[in-house]
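Taking it in order: structure first as structure tokens, then the write-up.
The values are calculated or read from the model by the stated rules, or taken from the named source; none is laboratory data. These figures come from a predicted structure and were not determined experimentally. Cβ: placed from backbone, ideal geometry, glycine included. Neighbour counts: every protein chain shown. Just the protein is used for accessible areas: all its heavy atoms, side chains included, with ligands, DNA and RNA removed. Shrake-Rupley method; radii C 1.70, N 1.55, O 1.52, S 1.80 Å.
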4 protein chains.
Amino acid sequence: MATQMIIINGGSSSGKSGIVRCLQAVLPDPWLAFGVDSLVDAMPARMRASDEGLEIGADGGVSVGADFMALQAAWMRGVAAMARAGARVIVDDVFLGGASSQRRWRKVLGELDVLWAGVRCEAAVAAGREVARGDRVQGMAASQADVVHDGVVYGVEVDTTHTESLVCARTIAARVS
Amino acid sequence: MATQMIIINGGSSSGKSGIVRCLQAVLPDPWLAFGVDSLVDAMPARMRASDEGLEIGADGGVSVGADFMALQAAWMRGVAAMARAGARVIVDDVFLGGASSQRRWRKVLGELDVLWAGVRCEAAVAAGREVARGDRVQGMAASQADVVHDGVVYGVEVDTTHTESLVCARTIAARVS
Amino acid sequence: MATQMIIINGGSSSGKSGIVRCLQAVLPDPWLAFGVDSLVDAMPARMRASDEGLEIGADGGVSVGADFMALQAAWMRGVAAMARAGARVIVDDVFLGGASSQRRWRKVLGELDVLWAGVRCEAAVAAGREVARGDRVQGMAASQADVVHDGVVYGVEVDTTHTESLVCARTIAARVS
Amino acid sequence: MATQMIIINGGSSSGKSGIVRCLQAVLPDPWLAFGVDSLVDAMPARMRASDEGLEIGADGGVSVGADFMALQAAWMRGVAAMARAGARVIVDDVFLGGASSQRRWRKVLGELDVLWAGVRCEAAVAAGREVARGDRVQGMAASQADVVHDGVVYGVEVDTTHTESLVCARTIAARVS
């Protein structure tokens with residue numbers, strides 16, 4: 001059966017977005033790509049700095065409120081519905097809850113054929129890339145590097161510490177049926 | 001019954017995005033916002049200039065190919081599924097097919113309670129705003145100003161020619177139940 | 001003698017950027033455009049939220065520190081040097097100090113032929129456009145609307161409250177020799 | 001004598017921008033950063049695709065016209081003037097003319113104390129990063145990878161093929177006096 005979704009999980013500045021764009025380039029079919037960044041962009045501006053929405057502390061720690069969780073849950077169902085309707089979909093996410101974040105996804109995915117891809121990057125290297133991006137709160141990359149993978153089960157794993165995005169994308173693409 | 005979706009239709013540079021951001025600010029609940037721009041961003045880069053994807057001519061004329069239509073159809077179903085799952089959703093779209101674009105939406109909306117909002121802007125004024133944006137192909141605004149409303153039925157209509165985005169948003173918000 | 005620089009002054013969300021892009025489109029020669037936004041982008045990320053750099057309060061109030069002022073002074077000299085070297089240059093700025101900001105510019109402009117253009121917008125309308133942009137701290141537009149024009153002398157003034165960017169740009173362009 | 005300017009030269013997608021942001025983060029003084037991208041942004045939109053401005057071919061080849069060259073020459077003088085006025089300035093550029101591009105800079109730099117930094121990246125790796133960025137014409141990275149360094153003399157050279165931006169930035173920063 002053909003892979004209907006690829007769910008990519010990794011910490012901030014681990015290189016997920018670059019891998020997604022490379023996947024869209026190397027996969028012969030056109031795949032739609034969504035992610036936690038596009039979800040946040042879809043929310044009201046006032047939710048980007050509030051108790052009910054998304055709060056990023058001065059140390060890069062992220063906390064999400066009840067409104068955020070509710071909108072995210074509906075968004076997850078919608079993204080799964082796109083795949084069910086025939087679009088091939090890549091999602092990049094940050095499993096702040098590790099295995100429990102994966103369980104949350106599994107509940108909405110049902111019978112869909114999903115490839116789970118883990119993107120790792122050594123904390124120190126991710127922290128350096130966070131500096132190079134210039135627009136991120138320092139500390140987020142290091143704090144997320146390990147916890148997002150805690151207890152998560154993958155079909156394929158890549159590590160961007162010493163491997164280019166395009167090479168990682170090809171490794172993932174090789175597992176797409 | 002509570003309004004579950006607001007679908008906003010208008011030509012390029014008619015002021016849809018500003019109205020959407022104002023709606024998200026003035027509506028007390030948090031609403032998710034998606035649109036044709038975020039859909040195009042979700043597609044592979046190669047589809048932004050191809051026969052199968054989206055082609056923008058030197059005169060601002062837009063043509064969409066088979067792959068674009070197929071991904072868009074699945075995306076529409078997914079956005080409707082988000083609303084069904086409890087998120088309140090604003091969509092901004094450009095009905096290149098006028099009434100037939102609206103029929104396409106109706107097929108996926110089913111029983112959802114939808115407010116249809118038309119955003120008009122005089123072609124000459126929209127063309128001027130296109131110049132002020134600086135990043136759009138000249139001609140798109142004028143060519144879409146009227147045709148996108150052809151045969152479309154609305155619950156509320158606003159005109160940005162002489163009315164600010166925030167005032168238009170309040171007019172639309174007043175029709176949200 | 002040919003106009004060598006156009007310096008456009010107005011509060012946040014008064015419509016300066018749109019007017020600048022329209023000026024670049026309607027003026028037959030190619031003009032370079034710089035402004036306080038591009039200056040801030042040129043500074044280290046850490047200066048965007050610090051005592052020594054640029055601080056934007058929760059109410060939209062802006063304060064600039066010593067390092068910001070020093071870099072800005074050198075930048076102003078450099079922009080004037082571009083005009084002296086033959087480029088025609090548009091600058092958009094926010095005269096937080098009113099007349100004293102203009103005096104600061106005059107010191108570096110020397111013999112250059114400069115057109116001073118004031119961009120006004122009613123505070124309530126600018127505040128609404130601030131909402132429509134979605135990425136600005138609320139309150140900045142209203143707090144700057146009047147003070148930036150305090151004691152400033154212009155060669156031409158426009159008001160975007162009821163007039164489109166392109167029309168304002170044509171009014172300014174008509175004063176360019 | 002203190003270094004007044006750092007001029008960084010490298011092909012498209014070689015990693016210049018990330019290095020610049022890291023330099024701004026690791027250097028204790030605040031440095032202004034400009035580059036060929038910010039110069040192009042400062043030009044009228046119509047120059048981004050014209051004989052007189054900047055043309056990017058379907059194969060990623062770049063050609064610049066007479067108007068572009070004239071504005072660039074004035075911009076170079078202005079950037080040098082900023083350094084003379086006391087700002088410490090980083091410039092990133094793409095020396096399409098190799099040694100002759102460096103000579104063009106030398107003419108405007110006069111007595112300034114400049115650190116020339118070369119940023120290399122293997123063509124195949126740069127081409128892969130071009131795919132990962134998603135917004136670049138494919139082919140530009142490979143076509144520029146070597147020619148931009150042809151005959152150029154550097155005070156320090158780094159290679160991003162296997163070395164992170166932050167590490168490269170520290171190597172360059174160590175040569176700043």
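Counting only Cα atoms, the protein assembly as shown measures 70, 56, 46 Å along its principal axes, largest extent leading. For trypsin sites (Lys or Arg not before Pro), the sites in the stretch B:118-177 that DSSP calls loop and that have at most 15 other Cβ atoms within 10 Å are B:ARG175. Within the protein assembly as shown, antiparallel bridges make up roughly 15 percent of the DSSP beta bridges whose residues both belong there. Toward the positive end of the charge dipole of chain C, with +1 on the Cβ of Lys and Arg and -1 on the Cβ of Asp and Glu, the farthest Cα among C:GLY139, C:GLY110, C:ALA74 is that of C:GLY110. Would you please state the base-10 log of I(q)/I(0) at q = 0.16, 0.17, 0.20 1/Å for chain C, with intensities from the Debye formula using one equal scatterer on every alpha carbon? Result of the Debye calculation: -0.98, -1.11, -1.51.
Relative to the other identical copies, D:VAL26 shows label-point distances of 3.0, 4.9, 5.1 nm, where the label point lies 7 Å from Cα along the Cβ direction and values run shortest first.
In order along the stretch B:78-85, phi translates into HN-Hα couplings of x, 5, 4, 5, 4, 5, 4, 7 Hz, rounded to whole numbers, per the Karplus curve 6.51 cos²θ - 1.76 cosθ + 1.60 with θ = phi - 60° and x for Gly and Pro.
Which percent, to the nearest 5, of DSSP beta bridges fully inside the stretch D:1-148 are antiparallel?
Details: 3 of 18 bridges.
Taking every DSSP beta bridge with both residues in the stretch D:1-148, the antiparallel ones total about 15 percent.
A straight Cα-to-Cα reach below 30 Å connects B:LYS107 with the lysines A:LYS107, B:LYS16, residues fewer than 8 places away in its own chain not being considered. In percent, rounded to a whole number, the relative contact order of the stretch A:20-118 is 29, using alpha-carbon pairs under 8 Å and six or more apart.
For chain D, the relative contact order works out to 38 percent when only alpha carbon pairs closer than 8 Å and six or more residues apart are counted. Sorted shortest first, the separations between the A:THR161 label point and its copies elsewhere in the assembly read 2.2, 6.2, 6.4 nm; each point sits 7 Å from Cα along the Cα-to-Cβ line. Counting Cα-Cα pairs of the stretch A:11-114 in 5 Å increments starting at 0 gives whole-percent bin shares of 2, 11, 20, 23, 22, 14, 6, 2, 0. A crude spin-label estimate for the pair C:ARG170 and C:LEU112, with each label 7 Å from Cα along the Cβ direction, gives 2.9 nm. Computed about the Cα centre, the dipole magnitude for the stretch A:1-94 is approximately 400 debye when only Lys and Arg (+1) and Asp and Glu (-1) carry charge, each at its Cβ.
Distances from B:GLY98 to itself in the other copies, using label points 7 Å out along the Cα-Cβ axis, amount to 5.6, 6.0, 6.0 nm in increasing order. Based on DSSP H segments of at least four residues, each scored -39500 (n - 2.57), chain C has a per-residue ellipticity at 222 nm of -12500 deg cm²/dmol. Between A:ALA124 and D:ASP150, the simple spin-label model (points 7 angstrom out along Cα→Cβ) gives 4.0 nm. The accessible area of D:TYR154, taken with all protein chains in place and a 1.4 Å probe, comes to roughly 40 Å². Annotation for the stretch D:34-122: GluC sites (Glu not before Pro) lying in DSSP loop with at most 14 further Cβ atoms inside 10 Å of their Cβ are D:GLU111. D:ASP59 exposes around 110 Å² of accessible area when a 1.4 Å probe is run over every protein chain in place. Projecting the Cα atoms of A:ALA58, A:ALA45, A:PRO28 onto the charge dipole of the stretch A:11-148, computed from C-beta unit charges around the Cα centre, puts A:PRO28 farthest toward the positive end. Cα centroids of the stretch D:1-74 and the stretch C:116-167: 31 Å apart.
Charges at C-beta only: +1 for Lys and Arg, -1 for Asp and Glu. How large is the resulting dipole of chain A about its Cα centre, in Debye rounded to 20? Numbers along the way, then the final one.
Details: 17 positive and 20 negative charges, 97 e Å.
In debye, rounded to 20, chain A gives about 460.
Rounded to the nearest 20, the size of the Cβ-charge dipole of the protein assembly as shown about its Cα centre is 0 debye, with Lys and Arg at +1 and Asp and Glu at -1.
The Rg/Rh ratio of the stretch D:1-59, with both radii computed over alpha carbons and Rh defined as the Kirkwood radius, is 1.07.
In square nanometres, what is the average projected area of the Cα convex hull of the stretch B:100-144? Could the numbers behind the result be given before it?
Working: hull surface 17.4 nm².
Answer in nm², one decimal: 4.3.
Between A:ILE19, A:ILE56, A:ILE90, the GNM of chain A built on Cα springs shorter than 10 angstrom shows A:ILE56 fluctuating the most. Its relative contact order, with pairs defined as Cα atoms under 8 Å and 6+ residues apart, puts the stretch A:75-148 at 33 percent.
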